[in-house]
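The values are calculated or read from the model by the stated rules, or taken from the named source; none is laboratory data. The structure presented is a predicted model; accordingly, all values stated were derived computationally and were not measured. Note that we place each Cβ from the backbone using ideal geometry, even for glycine, and neighbour counts take in every protein chain shown. Only protein heavy atoms, including side chains, enter the accessible area calculation; ligands, DNA and RNA are left aside. Shrake-Rupley method; radii C 1.70, N 1.55, O 1.52, S 1.80 Å.
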Amino acid sequence: MNRNSLIAEIKRKRTLLCVGLDTDINRIPSHLKASPDAVFEFNKQIIDATYDWCVAYKINTAFYESQGAKGWESLEKTVNYIPGTHFKIADAKRGDIGNTSDQYAKAFFETIPFDAVTVAPYMGSDSIKPFLNYPNKWAIVLGLTSNKGSEDFQQQHIGNHFLYEEVIRKTSQWGTPENLMFVVGATKAVELSSIRKIIPSHFLLIPGVGAQGGSLSEVCKYGLTEEGGLLINASRAVIYAGHDANFAKEAAKVAKQYQSEMQQYL
């Protein structure tokens, strides 16, 4: 999906919502457990219930990789089921030497038709540039994350600025706003103002609204652009809103509530 198509969907639906399909087999409602592919059946019903209220889905691959070959099968079926109108993110956090990144890019852009994949920038330009060689595909670079460990490296000072600022500044030169996004945790909303000075036009993927306590209003205050410029992810708050046979209906209610709140800022 290209940038113009993503912006058009945001404006049409008046939402920035990305639903995270971080599906834990142990949290799937018991009535689905007898299904031949319980994970896919759960995802299918979540997608059916929420696609009107979101513009993107993010799949954290760890929840599927942990299930071996069957998990990868569930992942592929899920990606293929997501409507073509929706932006599909592989939250895989890849990044390695160039020829290995070539294969990662092939896996997530050719073998499995994702629109974007999250990547770790620590190994430098040759670990990320292979993901930028695909038309209408995106690399989403880890910028400033919400976890406690972000203090270990990302928030260390380099002269008069932080390491994460240097990472974002440097990485933004390797691509364009047409193929590069950045991850910024929702609990780091205030820092978005300085990040926007570095990358005023790039899209940002914002995890952490909902179960992790990030503020939607703060994120929009400091990070929103005229084009939207944000994909705000909610995972557990949406997909585990209900725990019984009505789980999909409960997920739809929460997704619709997010959309209702987001449209106030668009």
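Segment GLN257..ILE97, full-extension length gain: 53.4 nm, with 0.36 nm per residue of separation and the alpha-carbon distance subtracted.
The orientation-averaged projected area of the convex hull spanned by the Cα atoms of the chain comes to 13.1 nm². The distance between label points at ALA34 and GLU227 comes to 5.0 nm (points 7 Å beyond Cα on the Cα→Cβ vector). Counting only protein chain heavy atoms and rolling a 1.4 Å probe, the accessible areas of THR225, THR15 rank, largest first, as THR225, THR15.
Per-residue ellipticity at 222 nm from helix content only, as computed over the chain with -39500 (n - 2.57) for each DSSP H run of at least four residues, stands at -10500 deg cm²/dmol. With Cα atoms defining each centre, the stretch 211-262 and the stretch 64-92 are spaced 20 Å apart in the structure. Spread over its residues, the convex hull of the C-alpha atoms of the stretch 89-209 is 99 Å³ per residue.
Considering only protein heavy atoms, what per residue accessible area in square angstrom results for the stretch 74-233 with a 1.4 angstrom probe?
Computed with neighbouring chains in place, this is 43 Å² per residue.
Could you list, in their original order, any pairs among LYS13/LYS93; LYS137/LYS221; LYS13/LYS249; LYS58/LYS106 whose Cα atoms are separated by more than 25 Å? Those over the limit are LYS13/LYS93; LYS137/LYS221.
Taking all protein chains as shown and a probe of 1.4 angstrom, VAL167 keeps an accessible surface of around 40 Å². For the pair the stretch 16-39 / the stretch 149-185, the C-alpha centres are spaced 33 Å from each other.
Measuring with a 1.4 angstrom probe and ignoring ligands and nucleic acids, ARG196 comes out at about 30 Å² accessible.
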